[in-house]
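Input: a single structure, listed below in structure tokens.
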Amino acid sequence: MCLAIPAQVIELVDIEHAVVDMGGVRKTISTVLVDDLQIGDYVIVHVGYALNRLDPEEAAETLRLIAEFSEVANHEIPG
Amino acid sequence: MKYLDEFRDDRLAQGLAARIRREIEPERRYALMEFCGGHTHAICRHGIEDLLPAEVRLIHGPGCPVCVLPSGRLQAAIDLVERERVILCSYGDLLRVPGAQGDTLLKTKARGADVRMCGWCTRSAMRWRSPAPSPTITSCSSPSASRAGVP
């Protein structure tokens, strides 16, 4: 199946590769599809390629919308 | 892990389910189709159908050839590569898909079986075929490939 998962960049190997951390698992991936990656960035990884950079503001907005629709009283939005 | 755990919050999910139940118009029927097998797996694994009211029907769509590989066939591939001296070539996506007993080709590889990821089975198999005394090379592919005579 098409599984793309978030991972955090922990090392820039060269202009086309980076080491990422996926919940404790470290893996070298290709970064040819994403420009200007920095250490600490979150990327969406699929079959060994970073597809795009995860936008923290967009993620927060999505979580805010889910919380808004969800009928949970005083639920704190995870940051 | 950040950006995974926040999206798997069961309180939020229960809240969403409650909201959906409240919004349902009893005289209406709602049919939704997901088209990706990854979504079907997620829906089944997380019990989404049981969270939804009876008026909402989820129709499991076609899925790509990796997704619709019968789990029994995948289990047969796992059994084969564990028991026999074979190199098993597969598209990478399939390595994480669970077989009939919940096992995956990736776990099988971790246990020592010769499972290799490739983008194009035939070319990779040809490259690996020589010059070493070759074990049987087989590939785990889609039902359509099976019909075309690929083992």
Residue by residue, what Karplus-based ³J(HN,Hα) values in Hz, rounded to whole numbers, does region A:57-71 have, using 6.51, -1.76 and 1.60 with θ = phi - 60° and x for Gly and Pro? 5, 5, 4, 5, 5, 4, 5, 5, 5, 4, 5, 5, 6, 6, 8
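Could you calculate the FRET efficiency of B:R28 with A:C2 from 1/(1 + (r/R0)^6), where r is the beta carbon distance between them and R0 is 35 Å, rounded to 0.05? Intermediate values should be presented prior to the final figure.
Values: r = 31 Å, r/R0 = 0.90.
Once rounded, the FRET efficiency stands at 0.65.
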Loop-resident GluC sites (Glu not before Pro) in region B:1-75 with no more than 13 other Cβ atoms inside 10 Å, DSSP not H/G/I/E/B, are B:E27
If amide hydrogens are placed 1.01 Å from N in the peptide plane, which non-local residues have theirs closer than 5 Å to the one on A:L51? A:I44, A:V45, A:H46
Taking a crude spin-label model, label points 7 Å out from Cα along the C-beta direction, the A:V25 to B:V68 distance in nm is 2.7 nm
Between A:D35 and A:V13, take the C-beta separation as r, use R0 = 25 Å, and let me know the FRET efficiency to the nearest 0.05. 0.95
Helix-derived [θ] at 222 nm for chain A: sum -39500 (n - 2.57) over DSSP H runs of at least 4, divide by residue count, nearest 500? -5500 deg cm²/dmol
Cβ charges +1 (Lys, Arg) and -1 (Asp, Glu), total dipole of region B:5-60, debye: 120 debye
Inter-site label distance for B:C36 and B:R111 at 7 Å from Cα along Cβ, in nm: 3.0 nm
What is the distance, in nm, between label points placed 7 Å from the Cα along the Cα-to-Cβ direction at B:R96 and at B:R8? 1.1 nm
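No lab work stands behind these numbers, since they all come straight from the coordinates. No experiment lies behind these values; they were computed from the predicted model shown. No Cβ is skipped: glycine too gets one built from the backbone with ideal geometry, and neighbour counts run over all protein chains shown.
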